[in-house]
Amino acid sequence: MTTLLLLALFGAGLYAWPRLMGFQSQRSEDYAETTPVFDIRRHLSGPMLAEGVIFGPTGGMSQRFVANMEGVWDGAAGRLSETFRYSSGTEQMREWTLRLGNDGEIIGTAPDIVGEARGRQSGATVMLRYRLRLPDTAGGHVLDVVDWLYLTEDGVILNKSVMRKFGIKVAELVATMRPAREAEIVAE
């Protein structure tokens, strides 16, 4: 009986660890006093270039990508268009519709998002949580995503996303995002 109890406690500890000490333990409030202040209407506006990698469930790199992005805002309502080009040769497009609340709350929708993305601007960060439906070519699975954007002093945005299925991490994305100059936009 003691062995079963120890195994159960160990298993519970392994499950709780990321929620208490890892990436998932971050809260928007933790960054409230950080600068520069991230205003998505300013920092996700106009043409942008993103470059990144996706790591699979074993931690190895599974894809690289480059993305052209463009944000357009009208007050508290915005649209963020993304065109991803993956190292596998595939292309993916997503268009976010975003709304901002007075308290820093963000609500977003996109065709491959199940329900609404919800998040918050706080200090130098933006956090979004949402459910992402993968394309049929990638299995059509629905993943739970936690997406953090960190604004650096020079205006570059560092993006880290963790994707889970049934609570198990299946992928991570790490990327940089920055304003694009005309010559940097990847030909479409």
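Using the Kirkwood formula on the Cα atoms of the stretch 98-157, what hydrodynamic radius do you get, in angstrom to one decimal?
12.6 Å
When ligands, DNA and RNA are left out and all protein chains stay put, how many square angstrom of accessible area per residue does the stretch 90-138 have with a 1.4 Å probe?
Here the per-residue accessible area is 54 Å².
Among 146, 180, 90, whose Cα sits farthest toward the positive end of the charge dipole of the stretch 64-188 (+1 at Cβ of Lys/Arg, -1 at Cβ of Asp/Glu, about the Cα centre)?
The one lying farthest along the dipole's positive direction is 146.
Write down, largest first, the equivalent ellipsoid semi-axes of the stretch 46-137 in whole Å, where each equals the square root of 5 times an eigenvalue of the alpha-carbon gyration tensor.
25, 15, 14
Suppose each label sits 7 Å from its Cα in the direction of the beta carbon; what would the residue 118-residue 27 distance come out to in nanometres?
Simple spin-label model gives 1.6 nm for this pair.
Search the structure for amide H atoms under 5 Å from the amide H of residue 171, placed 1.01 Å from N in the peptide plane, and list their residues when 5 or more places away or on another chain.
Here the answer is 163, since their amide H atoms fall under 5 Å of that of residue 171.
Calculate one ³J(HN,Hα) per residue across the stretch 54-65 by plugging θ = phi - 60° into the Karplus curve 6.51 cos²θ - 1.76 cosθ + 1.60, and present them in order as whole Hz with x for glycine and proline.
With coefficients 6.51, -1.76 and 1.60, one gets 10, 9, x, x, 8, x, x, 5, 10, 8, 10, 8 Hz.
Place a label point 7 angstrom from the Cα of residue 136 along the Cα-to-Cβ direction, then list the residues of the stretch 80-100 whose backbone nitrogen is under 11 Å away.
The answer is none, because no backbone nitrogen lies closer than 11 Å to the label point.
Let me cross-check residue 69: its accessible surface, 1.4 Å probe, with only protein heavy atoms counted, in Å² to the nearest 10?
10 Å²
Going by accessible area, probe 1.4 Å, with all protein chains left in place, what is the ranking of 168, 107, 157, largest first?
168, 107, 157
Just how many % of Cα pairs in the stretch 47-91 lie over 11 Å apart, if you round to the nearest whole percent?
Of all Cα-Cα distances in the stretch 47-91, 69 percent exceed 11 Å.
Based only on the alpha carbon positions, what is the Kirkwood hydrodynamic radius of the stretch 127-176, in angstrom?
Mean inverse Cα-Cα distance, inverted, gives 11.8 Å.
Using alpha carbons only, how many angstrom separate the centre of the stretch 26-72 from the centre of the stretch 73-131?
Each part reduced to its Cα centre gives a spacing of 10 Å.
Leaving ligands and nucleic acids out of the surface, order 133, 85, 42 by accessible area at 1.4 Å, largest first.
I get 42, 133, 85, largest accessible area first.
Note down the net charge around residue 109, summing +1 for each Lys or Arg and -1 for each Asp or Glu among other residues with Cβ under 15 Å from its Cβ.
Here the count lands on +1.
The values are calculated or read from the model by the stated rules, or taken from the named source; none is laboratory data. Nothing here was measured: the structure is a model prediction, and the numbers come from that model. Here the Cβ is made from the backbone with ideal geometry for all residues, glycine too, and neighbour counts use every protein chain on show. Just so you know, the surface numbers come from the protein's heavy atoms only, side chains and all, with ligands and any DNA or RNA stripped out. Shrake-Rupley method; radii C 1.70, N 1.55, O 1.52, S 1.80 Å.
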